[in-house]
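Following: one structure in structure tokens, then a few remarks.
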Amino acid sequence: MKPKDEAKDKAIKQATLDLVFEKGMAGVKMSEVAKKASIGTGSLYTYYKDKEALIETLYQDIEKQGTEILFKSISSDLPYPIKVKKVCFNYMSYLIKHQKEVVFKEQYQRSPFCYHTEEDLSLDKKAARLIALINEGKNQHYLKQMPDLEMMLALDGIIKSIIHHYQIAEQPVTQSIKERIFSICWDCLKA
């Protein structure tokens, strides 16, 4: 069997991401992905057996990329509050620079393609690293003693909502805005 062309695979994934951003996940058809990626529909099916396989692979790629960005420049020797601040700032930057990926993930997580259970969450590398960071803060008495998932959801909700507000208003998210967002997050979770 002939090896898959990485450039074509990248074009397929980008076309899918673009179409989901434009039309929503339910409205995307494999024939449209092929057309947007400038390949034949038959060729598309040599890369992905169906839409579900394509969506799942793209989701996994986005999750891996997001995890790398979220924990960029985080070393174990940093003081705990600095680690949390860096993770929050990395997440803010991700939300700003990767809007299509954010929309894709939100739609995926609310779609029939998503089969995540509590067991899946424990296997998720990003979730595991966030839980470890949260537990480090709890153990050092920086953070409240509340469920890990609720803390992750609180941070996600605060950061995503405020960033989204500025994106809709077409206003830049300045350093001072990022500092305020972090201050809100820290005040919400600190012991």
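The values are calculated or read from the model by the stated rules, or taken from the named source; none is laboratory data. Predicted model only: the values in this text are computed from it and were never measured. Neighbour counts are summed over all protein chains in view; Cβ atoms, including those assigned to glycine, are modelled from backbone coordinates with ideal geometry. Calculation scope for accessible area: heavy atoms of the full protein, side chains included, ligands and nucleic acids excluded. Shrake-Rupley method; radii C 1.70, N 1.55, O 1.52, S 1.80 Å.
Scanning the stretch 7-20 for residues that are more than 15 Å from residue 56 (Cα to Cα) and either basic (Lys, Arg) or crowded, with 16+ Cβ neighbours inside 10 Å (or both) gives 8, 11, 18, 19. Looking at the stretch 74-83, can you tell me whether even one residue there is buried (at least 16 other Cβ atoms within 10 Å of the Cβ) and at pLDDT 95 or above? Yes; the residues of the stretch 74-83 include at least one that is buried (at least 16 other Cβ atoms within 10 Å of the Cβ) and at pLDDT 95 or above. Does the stretch 123-144 include one or more residues that are open to solvent by 80 Å² or more (accessible area, probe 1.4 Å), farther than 20 Å from residue 69 by Cα and modelled with pLDDT under 95? Scanning the stretch 123-144, I find no residue that is open to solvent by 80 Å² or more (accessible area, probe 1.4 Å), farther than 20 Å from residue 69 by Cα and modelled with pLDDT under 95, so the answer is no. Take the conditions (1) modelled with pLDDT under 95; (2) under 24 Å from residue 51 (Cβ atoms); residue 98 misses just one of them, which is (1). When the stretch 49-68 is filtered for residues that are of a type outside the set (D, E, K, R) and buried (at least 16 other Cβ atoms within 10 Å of the Cβ), the ones remaining, listed by number, are 54, 55, 57, 58, 59, 62, 66, 67.
For the stretch 145-162, a residue qualifies if it is exposed (fewer than 13 other Cβ atoms within 10 Å of the Cβ) and of a type in the set (D, E, K, R), and exactly one does: 150. Comparison of 46, 16 shows that the only residue that is β-branched (Val, Ile, Thr) and in contact with a helix residue (DSSP H, G or I) (Cβ under 9 Å, 6 or more places away or on another chain) is 16.
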